[in-house]
Amino acid sequence: MRNGYLILLLCLIAPLIFFIWFVYYPYTLWAKEATSFFIWTPDYIHLTMSGNGGIPALIGNFLLQFYRWPLIGATFQAVFPTLILLAVMHVIYRLPISKDWYIIALLPALVVAWYQFTENQLIISVRWVLIFIMIAIIIEILFRVFKKETVIRSQNGLAKRIVLSVVSLILMACFYVKAVSNAEYKLTERTNRLDYYAYTSRWNDILNLIGNNTNATGRDLCYITLALNQQGKLGDYIFHYPVNSEEYFLNLGVASEQGTFFNQLFYSNIGLYNQAIHQAFQEATKTKNGMSFRVIMNLIKYNIAIGNEQMANKYMDILSHASCYAEWIAKRRIELAASLKSERKEDPQTVYMTNTTLRNLYSFVQAGNENVALNNYYLCALLIHKNMLAFTAHLNTHKYLLKDGIPIHYMEALVLAATQGYTVEGVSIPDLYIQRFNEFQSLIKTRNQPAIAAKYKFTYWYNYYFMTFPDDPNIESEAHVN
């Protein structure tokens, strides 16, 4: 076949697309699976088929189950454009035109490959694959019915071959450069990577990914505070980052799919599983299918944590109708059996949520939650609001928070609080902190802020004097004070 070289060249699109997804966007593949849903039940199949997506949505949701493995996900992402390429090439082969036009098949394949970056589901990809395959089938049927010779020989000289090859390579090279350098797609991948690290409790990886970035986004700061608290370092390092509001502890803004997902992480990691379950249902309402693999897996884990055997088994029975989760469910059933044998703690009293994180934290700690992680969030919120009275009062009534040592920022705050007449009974401040604070105050008198920042930027003192924190007039009335 004289055009065999061109066919082989065009088929390079498959390994190219696989490479892009597997190397540059593996966490986006995970997010596609995590936010999708598919089960082999008549109700689900009927509901999906009767929706706007129809057959493409059903096929797409089925295939998305396997995207939890990046190797398989990247393969499917490469298969869709390749099928379109082959379908168009077959149409050109049967049409009475020069086979040099095979190069045109590259265009629809690249267009669909580009749309793959913008769709969370696979509806567009599956729909266009089905359309092009149907066109190819129709052309083949017509050819066989009329049995008309369609092969037109072309004078395919060396120069022409070189031109066609170069054009094909340029198109694929442009696609590659655009795909791997697109700022929006890279940001989406980074966001999905943060979600994955948090979902799998890789707290060091979160801190390394974000780094000590003074331009960190609000979402970055949410993950930073979560990672620090899970490592027991919130009171030591929170002011190494531009955290100037306790609203970075929790997402209380628009109830988006990502926001409710983060809230689940927040509540589950501090042991407030009932709140985490509520946020999981909130996330489910934001998904296109009314449920997702990530939500139902979280609901199983949260109900196991609180020993709710009935609900845990209910969600595991639902998930068992999917194709890829038998091993995962088996492990959760073992965890559930162990959970039911362990001693259960009494649930804290009901807390009615308000529209501010500080009030919610105050309500939780007042409800009897002797939870170090939760109390550290509350104490850091008080430091952000520069409320030394409430900060020292809370430590005076919660001495168990100090049994493993006093975090660095807490000690810095206690030095500052002592100058205002507030102390914590039984806590002696090391001379080193007092000496450093005196040096800091002496340096303040020089009004040389760059010099002060160079030496004290990551101390609570610098943040107290030079950072603008939100002013909440209700904080003192809400503070736990003896």
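The values are calculated or read from the model by the stated rules, or taken from the named source; none is laboratory data. Since this is a predicted model, take the numbers as computed values, not measurements. As a convention, Cβ positions derive from the backbone with ideal geometry for all residues, glycine included, and neighbour counts pool all protein chains shown. Accessible surface areas use protein heavy atoms only, side chains included; no ligands, DNA or RNA. Shrake-Rupley method; radii C 1.70, N 1.55, O 1.52, S 1.80 Å.
Starting from the Cα gyration tensor of the range 159-314, take the square roots of the eigenvalues, sort them a ≥ b ≥ c, and report rounded, prolate or oblate (rounded when a/c is under 1.5, otherwise prolate if a/b is larger than b/c, else oblate). If you can, show how the numbers build up before the last one.
Details: a/c = 2.91, a/b = 1.61, b/c = 1.81.
In terms of gyration-tensor shape, oblate.
With Cα atoms as the point set, the radius of gyration and Dmax of the range 373-428 evaluate to 10.0, 28 Å. To put it simply, the accessible area of the chain at a 1.4 Å probe is 59 percent carbon and sulfur.
Helix 388-397 and the longest principal axis of the C-alpha atoms of the chain enclose an angle of approximately 80°.
Show me the ranking of peptides 286-297, 415-426 by mean Cβ neighbours inside 10 Å, starting with the highest.
Values: 286-297: 20.3, 415-426: 15.1.
Answer by packing, highest mean first, reads 286-297, 415-426.
Taking the C-alpha atoms only, the angle from helix 257-269 to the longest principal axis of the chain is near 40 degrees.
Treating each Cα of the range 85-139 as an identical point scatterer and summing with the Debye formula, the log10 of I(q)/I(0) at q = 0.28, 0.31 Å⁻¹ comes to -1.08, -1.20.
Rg of the Cα atoms in the range 47-127, relative to 2.2 N^0.38 Å, amounts to 1.26. The C-alpha atoms of the chain define a longest principal axis, and helix 326-341 lies at about 20 degrees to it.
Sorting 317-326, 444-453 by their mean Cβ neighbour count within 10 Å, with the most densely packed peptide first, gives 317-326, 444-453. Here the chain is assigned +1 on the Cβ of each Lys and Arg and -1 on the Cβ of each Asp and Glu. Its dipole about the Cα centre then comes out at about 2180 debye.
Evaluated at 25 °C with a viscosity of 0.890 mPa s, what Stokes-Einstein diffusion coefficient in µm²/s does the chain have when Rh comes from the Kirkwood expression over alpha-carbon pairs?
Details: Rh = 26.5 Å.
D = 92 µm²/s.
Shown here is the pair-distance distribution of the range 265-333: with all Cα-Cα distances grouped in 5 Å bins from zero up to the longest one, the shares run 3, 18, 29, 24, 19, 6, 0 percent.
Give the shape of the range 1-143 as rounded, prolate or oblate, defined through the alpha-carbon gyration tensor: a ≥ b ≥ c are the square roots of its eigenvalues, a/c under 1.5 means rounded, and otherwise the shape is prolate if a/b is larger than b/c and oblate if not. Note, shape of the range 1-143 comes out oblate. Accessible surface area normalised per residue over the chain is 49 Å², counting heavy atoms of protein chains with a 1.4 Å rolling probe. Considering only Gln264, Gln310, Ala78, the residue lying farthest towards the positive end of the dipole of the chain is Ala78, judged by Cα position with unit charges set on Cβ.
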